[in-house]
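The values are calculated or read from the model by the stated rules, or taken from the named source; none is laboratory data. None of these values were measured; they are calculated from a predicted model. Note that each Cβ is placed from the backbone with ideal geometry, even for glycine, and that neighbours are counted across all protein chains shown.
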Amino acid sequence: MEGSPRLGSKGLVKKHEFVRIIIQCLLSIGYEKSASCLELESGISCKSDDFQMLESQISSGNWDGCVDTLNTAQDLTDETRAAALFLVFKQCLLEYLSCGDDKLALAILQKEVSALHVDRSKVHNLARIILSAKEMEQSKTDDIAVCELRKELLQELEKLLPPPITLPENRLEHLVETAVLSQIDSCMYHNLSDAVSLYADHLCGRDQIPTETVQILTEHKNEVWFVQFSNNGKYLASSSSDCTAIIWKVLEDGRVTLNHTLRSHHKPVSFLAWSPDDSKLLTCGNVEVLKLWDVETGTCKHTFGDPGFIVSSCAWFPDSKRLVCGSSDPEKGIYMWDCDGNELKAWRGMRMPKILDLAVTPDGENLISIFSDKEIRILNVGTNAERVISEDHSITSLSISGDSKFFIVNLNSQEIHMWDVAGEWEKPLKYMGHKQSKYVIRSCFGGLNSTFIASGSENSQVYIWNRRNSRPIEVLRGHLMTVNSVSWNLKRPQMLASASDDHTIRIWGSSRPNKIQPQKLC
């Protein structure tokens, strides 16, 4: 309706269309009386004139009239018109067959259906149905079944035919949800899975992400090099140059308490990895062996390889039964083991550079490794297909998003690069602002849907970015020396941990009034 009144401050909304989708919405949420009243008062029907005509013609079996309506309907492409006519002729043909009139059914197939530009396999299927018409005569379709089939035809046409003949399903809900999602996408701090209120434009404050220290853990006696929350968010693990690793417990109120101190290592522990089921923990170091720990008891269950086998990084496959590790010795390569130390697979060779870090995507499909020659290698474990990404600067660490689609790497050029695992991007997204030139600094994804990136820094601060913005949205101060590693709690979107050379782990939380009071745990 070109002359339809317009609504909204910009005059972009046609009143007729707006009322029509409101009526559709009322019907879809069960307010039939209200929908009828609105139709009566506005003089606007949810169904277009063309579709009301089709509804009447199909319900009464007026197939010629139905064909005429579709042939004269505007806003239809030739492809859509042919598809709609095919559905109508198919129903007509089937009804003739159910009445035993296979000659009329055959005539429709030959004269009408065959002339349509539709998938020929559909035409052949109808021909096969006619050939088996004798079988159908034994169980003719009754009137009730015919009515149901005609209703199904109307439903198919309603989905097939475009606006304005029909309305897309749940159109108003879709428009509102699209507007809400647009506001969420523009919100730098959005970090809640709760439904968004429609009463006001959406805008989160910085209290939605962890920005304040709520607890300081001081149990380690030397530099803390690595920190990582468990997948279920109930534990935190840390490793240190004091040759220990610690399993901490996250209480219901968010406080973190010491659970087990793991003391079997004789040299600094620089890396650890939780099994996906959180029952086991791996620990290793640049000059240390790989050890497997039972989380419940805190006991060492297995030490992998011979004493000379030095492991720099490790990761788990989704089944929590297989693990993979990379050696800092180029001659050793990458190994896949089961939990008893049985070698399942190995990738090694004289030409393999030193492995600095590796990770397995949560879906178990890809093994991603970073090497001392500034390369990132993405290996599809199932097909053995490999893709190589070359960076211009040395890479120090790697982290993968929870949906297995993206990964980030820290570079000593004071940048973090985000790549897509599938390989569709020619260039990475870049994040800057932190300080990194000499040490291994680790970053992580975090928050709702891995919306944020957090990283340590050589200037004793923690940096947080929204993935859509190359500059940090928050800088967290409190540590006194280099922040080596950060970890975002997967189950508590407003909880972050950071590990520093100042011998402490800081737990960061929301700045809202009900936060835990900062305290030290000695």
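Is it true that some residue in region 7-22 is over 17 Å from Leu157 (Cβ atoms) and polar (S, T, N, Q)? Lay out the reasoning, then the answer.
Looking only at region 7-22, we keep the residues that are over 17 Å from Leu157 (Cβ atoms), and these are 7-22.
Then keep just the ones that are polar (S, T, N, Q); that gives 9.
There is at least one residue in region 7-22 that is over 17 Å from Leu157 (Cβ atoms) and polar (S, T, N, Q).
Among the residues of region 276-289, how many are buried (at least 24 other Cβ atoms within 10 Å of the Cβ) and at pLDDT 90 or above?
Going through region 276-289 one residue at a time, the tally reaches 4.
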Item to check | Of the criteria (1) farther than 29 Å from Gly205 by Cα; (2) surrounded by fewer than 19 Cβ atoms within 10 Å (Cβ to Cβ), which one Asn366 fails | outcome: (2)
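Only residues that are small (Gly, Ala, Ser) and surrounded by fewer than 16 Cβ atoms within 10 Å (Cβ to Cβ): list them for region 321-341, please.
Initial filter on region 321-341 (small (Gly, Ala, Ser)): 326-328, 333, 341.
Residue satisfying the conditions is Gly341 alone.
Picking from Ile58, Ile22, Ile29, which residue would you name as being more than 22 Å from Tyr96 (Cβ to Cβ) and either in the same structural domain as Glu95 (by TED's automatic domain parsing) or crowded, with 17+ Cβ neighbours inside 10 Å (or both)? Quick ask: steps written out before the conclusion?
Values: Ile58 fails: more than 22 Å from Tyr96 (Cβ to Cβ); Ile29 fails: either in the same structural domain as Glu95 (by TED's automatic domain parsing) or crowded, with 17+ Cβ neighbours inside 10 Å (or both).
Answer to the selection: Ile22.
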Item to check | Search result, residues across region 232-241 that are polar (S, T, N, Q) and buried (at least 24 other Cβ atoms within 10 Å of the Cβ) | outcome: Ser238, Ser239, Ser240
Checklist entry - Does Ile44 fit the bill of being closer than 19 Å to Thr166 by Cβ and not in a helix (DSSP H, G or I)? => result yes
Checklist outcome for this item: Of the residues in region 370-414, those that are within 15 Å of Leu356 (Cβ to Cβ) and aromatic (Phe, Trp, Tyr) come to Phe371, Phe407
Checklist entry - Does Trp425 fit the bill of being in a strand (DSSP E or B), under 21 Å from the mean Cα position of the chain (by Cα) and on the phi < 0 side of the Ramachandran plot? => result no
Next on the checklist: If I filter region 290-306 for residues that are in a strand (DSSP E or B), at pLDDT below 90, closer than 26 Å to Ile408 by Cβ and not basic (Lys, Arg), do I get at least one hit?
Outcome noted: no
Next on the checklist: Given the criteria within 24 Å of Asn71 (Cα to Cα), modelled with pLDDT of 80 or more and not polar (S, T, N, Q), does Leu97 qualify?
Outcome noted: no
Checklist outcome for this item: Across region 161-174, the tally of residues that are surrounded by 14 or more Cβ atoms within 10 Å (Cβ to Cβ) and in a helix (DSSP H, G or I) stands at 3
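Can you pull out every residue in region 1-44 that is hydrophobic (A, V, I, L, M, F, W, C) and farther than 17 Å from Leu175 by Cβ?
To start, the set of residues in region 1-44 that are hydrophobic (A, V, I, L, M, F, W, C) comprises 1, 7, 12-13, 18-19, 21-23, 25-27, 29, 35, 37-38, 40, 44.
Met1, Ala35, Cys37, Leu38, Leu40, Ile44 - these are the residues of region 1-44 that are hydrophobic (A, V, I, L, M, F, W, C) and farther than 17 Å from Leu175 by Cβ.
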Next on the checklist: I want to confirm something. Restricting to region 100-109 and keeping residues that are in a helix (DSSP H, G or I) and over 16 Å from Asp64 (Cα atoms), which single residue is modelled with the lowest pLDDT?
Outcome noted: Asp102
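Of everything in region 440-492, what is more than 28 Å from Asp185 (Cβ to Cβ), of a type outside the set (Gly, Ala, Ser) and assigned to a strand (DSSP E or B)? Give them in sequence order. Show your work before the answer.
Just the residues of region 440-492 that are more than 28 Å from Asp185 (Cβ to Cβ), to begin with: 440-441, 458-460, 477-485.
Then drop every residue that is not of a type outside the set (Gly, Ala, Ser), which leaves 440-441, 458-459, 477, 479-484.
Correct list: Val483, Asn484.
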Checklist entry - Would you say Tyr189 is surrounded by 20 or more Cβ atoms within 10 Å (Cβ to Cβ) and not assigned by TED's automatic domain parsing to the domain that holds Ser457? => result yes
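Among the residues of region 361-380, write down those that are in contact with a Ser or Thr (Cβ under 9 Å, 6 or more places away or on another chain) and either polar (S, T, N, Q) or touching a residue at least 40 places away in the same chain (Cβ under 8 Å) (or both). Break it down stepwise before answering.
Our first condition is that a residue be in contact with a Ser or Thr (Cβ under 9 Å, 6 or more places away or on another chain); within region 361-380, this holds for 361-370, 372-379.
Within region 361-380, Thr361, Pro362, Asp363, Gly364, Asn366, Leu367, Ile368, Ser369, Ser372, Ile376, Ile378 qualify.
Criterion first (surrounded by fewer than 17 Cβ atoms within 10 Å (Cβ to Cβ) and more than 25 Å from the chain's Cα centre (by Cα)) does Ala127 satisfy it?
When the stated conditions are applied, Ala127 passes them.
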Item to check | Residue count, region 242-275 (criterion: under 28 Å from the mean Cα position of the chain (by Cα), of a type outside the set (Phe, Trp, Tyr) and crowded, with 19+ Cβ neighbours inside 10 Å) | outcome: 4
Checklist entry - Quick check: anything in region 473-487 under 25 Å from Lys221 (Cβ atoms) and within 23 Å of the chain's Cα centre (by Cα)? => result yes
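Would you point out which residue out of Ser121, Ser34 is more than 23 Å from Ala145 (Cβ to Cβ), under 41 Å from the mean Cα position of the chain (by Cα) and modelled with pLDDT under 90? I'd like the intermediate steps shown before the answer.
Numbers: Ser34 fails: modelled with pLDDT under 90.
When all the criteria are applied, what remains is Ser121.
Considering region 205-223 alone, what residues qualify as being in a loop (DSSP other than H, G, I, E, B) and within 25 Å of Tyr189 (Cα to Cα)? Break it down stepwise before answering.
The initial filter retains those residues of region 205-223 that are in a loop (DSSP other than H, G, I, E, B), namely 205, 209-211, 218-223.
Within region 205-223, Gly205, Ile209, Pro210, Thr211 qualify.
Ser186 - would you say it is within 24 Å of the chain's Cα centre (by Cα) and under 30 Å from Thr257 (Cβ atoms)?
Numbers: within 24 Å of the chain's Cα centre (by Cα): yes; under 30 Å from Thr257 (Cβ atoms): no.
Criteria not met by Ser186.
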